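Undergrad: Sharing a structure with you now.
A short reminder: the numbers here are calculations on the coordinates, not readings from a lab. For clarity, every value in this text was computed on a predicted model and none was experimentally measured. Cβ: placed from backbone, ideal geometry, glycine included. Neighbour counts: every protein chain shown.
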Amino acid sequence: MKMITLRGCAASFAALALAGVCGCADRPTIFDNPDPNLRLSSSELRGDALARFPYKEDAPKAREIRARAQVAYPLNRMEVVNFSDADWQDVEVWVNHKYVCHVPKMQSRQLKEIHFPMLFDETGNSFPMNSNKGQMLVRSVEILRDGKMYQVPPFFPESRSPFNEELGSGNKTRGLLRFPRSSRQPGA
């Protein structure tokens with residue numbers, strides 16, 4: 001009886017693995033992105049990114065933007081939040097001046113998941129997976145909005161990251177994004 005169950009489990013696993021490989025060949029992630037506007041195939045994301053090159057070095061640099069970018073290396077993604085009171089339209093998220101992902105709409109205070117396979121360079125290569133192993137690190141995040149380039153300092157939840165030194169300590173985690181202690185609710 002146990003042999004039949006073990007064989008059945010092995011066959012089910014093999015069928016699911018095959019379906020996952022065949023059915024998800026052009027998908028940047030296994031699960032759908034929470035934002036319906038970002039549920040595109042890798043081919044669509046690549047084509048859209050290639051149309052946005054070259055990097056806009058001449059775009060006016062704006063000093064301040066109410067946004068936050070957090071890099072979650074174990075999940076192979078970045079999380080970006082617009083903390084302004086207005087929605088943003090037609091936003092480009094640039095990483096390391098080399099990789100880009102177009103976000104059609106960034107709603108106010110709504111987290112956007114940008115998975116590494118959604119970021120493409122000018123040759124059509126996506127941002128490397130497992131970047132925390134030293135292949136490629138996120139050094140800069142910028143948002144191009146309304147013709148201006150805004151610097152968004154990336155935050156890394158791993159406390160050992162040297163980039164967090166600039167941001168200081170004393171952060172409290174709420175979900176995956178971290179917020180300064182000053183934003184704690186009374187009694188929290």
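Undergrad: Can you compute 3J(HN,Hα) from phi for each residue in the stretch 44-60, using the Karplus curve 6.51 cos²θ - 1.76 cosθ + 1.60 with θ = phi - 60°, rounded to whole Hz and x for Gly and Pro?
TA: 5, 5, 4, x, 5, 5, 4, 6, 9, 7, x, 4, 7, 5, 7, 5, x
Undergrad: Additional query: Just going by the charge dipole of the stretch 26-158, with Lys and Arg at +1 and Asp and Glu at -1 on Cβ, which of ALA49, TRP94, THR29 is farthest out on the positive end?
TA: Of the candidates, TRP94 comes out farthest on the positive side.
Undergrad: Rounded, prolate or oblate: which fits the stretch 26-158, taking a ≥ b ≥ c as square roots of the Cα gyration tensor eigenvalues, rounded meaning a/c under 1.5, else prolate when a/b beats b/c?
TA: Judged from the Cα gyration tensor, the stretch 26-158 comes out rounded (a/c under 1.5).
Undergrad: How do 25-38, 67-80 rank on mean C-beta neighbours within 10 Å, highest first? Present the calculation step by step, with values, prior to reporting the outcome.
TA: On the way: 25-38: 14.0, 67-80: 19.6.
So the order, starting with the most tightly packed, is 67-80, 25-38.
Undergrad: Moving to a separate point now. Ordered by packing density, taken as the mean number of other Cβ atoms within 10 Å over each peptide's residues, highest first, how do 106-118, 139-151 rank?
TA: In descending order of packing, they fall as 106-118, 139-151.
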